[in-house]
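> If you scroll down you'll find the structure; I have some questions about it.
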Amino acid sequence: MVTTLHEQALFAGGPIWGGRHRLTAGVEPHTHDFLEIAIVGPGGGRHVTSGGERPLRHGDAIVVRPGAWHAFRDCADLTVANCCLSERALRAELYQLPALRRLLWTDPVASGARGVAVRSIDPADADEAIAQIELLERDLESGRRPGRTLGRLITVLGILTDGTDRDGPEDAGLEAAVHPAVAATIARLEAAPSAPWRLDELADAVNLDPAYLGRLFRQYLGLSPLGFLARVRAERAASLLVNSALPVARIGASVGWDDPTYFARRFRSLVGLTPTEYRRRNRSGPAAR
């Protein structure tokens with residue numbers, strides 16, 4: 001049974017949240033309408049997603065996009081620190097920082113990732129990030145240090161991006177400043193995901209050849225413009241499935257997938273559950289953090 005964490009309850013009106021936990025048992029499958037970064041410290045356990053399960057290691061950093069689900073199983077004195085970003089924070093200036101683009105967007109939205117990506121950093125770096133999240137949690141509880149909490153967040157993200165080995169031209173390209181045409185197209189897709197976008201229309205809007213715009217998107221995001229649009233639609237649909245009583249078919253139409261059968265197929269390919277399964281499993285009462 002998948003439960004749901006909601007931004008409104010967890011964030012208390014702010015853009016970020018963080019906390020450290022010691023797990024002595026499993027954490028049931030859960031999803032959220034915000035982005036979660038889980039950093040693994042000492043201890044044992046397994047991580048479960050729609051793609052299967054794997055043993056957890058000290059230094060794992062798990063990024064879970066809105067709408068995706070995951071769980072922890074067979075935990076034995078496992079330290080996990082969570083750093084969470086609201087939709088408002090996720091869709092603001094952070095995308096423009098090249099070092100964060102791969103961490104928060106490219107890897108978890110890539111084809112086959114289903115909204116979850118795992119990278120490994122040095123255990124000492126993971127411990128440093130966990131310590132910063134503990135301080136972030138303390139600052140948030142005080143409610144009087146917005147500048148300091150932002151600094152903690154940037155430090156944690158910096159540790160994660162610095163701690164990943166990168167080599168090769170593909171990685172170098174991902175670290176370049178985002179191309180203006182890509183940024184403009186992303187803004188256009190996020191502003192109106194239900195519109196019947198075609199690649200040639202998107203390319204015309206930024207005065208580029210469609211094939212060239214597609215190559216730029218793959219360089220910066222690892223997927224095509226329409227592949228990115230599908231991920232945005234799936235995340236919006238996931239939120240509506242949990243937070244509204246709208247019929248499933250109407251939710252599909254509201255995000256741009258008018259055919260219920262096609263909506264079910266695309267949503268399952270991106271999230272790992274059909275829309276009906278996702279709604280049923282996410283309506284199970286209060287979620288555990």
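The values are calculated or read from the model by the stated rules, or taken from the named source; none is laboratory data. Fair warning: this is a prediction, and the values are worked out from it, not measured in the lab. Positions of Cβ are backbone-derived with ideal geometry, glycine not excepted, and every protein chain shown enters the neighbour counts.
> Which members of the stretch 106-125 meet the condition of being of a type outside the set (Asp, Glu) and over 9 Å from the mean Cα position of the chain (by Cα)?
Thr106, Ala110, Ser111, Gly112, Ala113, Arg114, Val118, Arg119, Ser120, Ile121, Pro123, Ala124
> Right, here's the next one. Which numbered condition in (1) without any contact (Cβ under 8 Å) to a residue 40 or more places away in the chain; (2) farther than 24 Å from Asp33 by Cβ; (3) not in a loop (DSSP other than H, G, I, E, B) is the only one that Arg266 fails?
(2)
> Something else now. Taking the stretch 29-45, which residues are assigned to a strand (DSSP E or B) and surrounded by 16 or more Cβ atoms within 10 Å (Cβ to Cβ)? Step through it out loud before you land on a result.
Start the filter on the stretch 29-45 by keeping residues that are assigned to a strand (DSSP E or B), which leaves 29-32, 35-40, 44-45.
Within the stretch 29-45, Pro29, His30, Thr31, His32, Leu35, Glu36, Ile37, Ala38, Ile39, Val40, Gly45 qualify.
> If I filter the stretch 52-88 down to residues being among the polar types (S, T, N, Q) and under 18 Å from Arg20 (Cβ atoms), which single residue comes out as modelled with the highest pLDDT?
Residues of the stretch 52-88 that are among the polar types (S, T, N, Q), as a first pass: 79, 82, 86.
Of the ones still in play, those that are also under 18 Å from Arg20 (Cβ atoms) are 79, 82.
Details: Thr79: 96, Asn82: 93.
Per the criteria, the residue is Thr79.
> Only one of (1) part of a strand (DSSP E or B); (2) surrounded by fewer than 21 Cβ atoms within 10 Å (Cβ to Cβ) fails for Ile62. Which number is that?
Answer for Ile62: the failing condition is (2).
> Scan the stretch 92-109 and tell me whether some residue there is modelled with pLDDT of 75 or more and of a type in the set (Gly, Ala, Ser).
no
> Among the residues in the stretch 214-233, are any aliphatic (A, V, I, L, M), at pLDDT below 95, over 21 Å from Ala110 (Cβ atoms) and out of contact with any Cys (no Cβ under 9 Å at 6 or more places or on another chain)?
No, the conditions are met nowhere in the stretch 214-233.
> Take Gly158 and decide whether it is at pLDDT 80 or above, crowded, with 18+ Cβ neighbours inside 10 Å and within 29 Å of Gly227 (Cα to Cα).
No, not satisfied.
> Within the stretch 183-190, can one find any residue that is surrounded by fewer than 18 Cβ atoms within 10 Å (Cβ to Cβ), touching a helix residue (DSSP H, G or I) at 6+ places or on another chain (Cβ under 8 Å) and closer than 20 Å to Gly256 by Cβ?
yes
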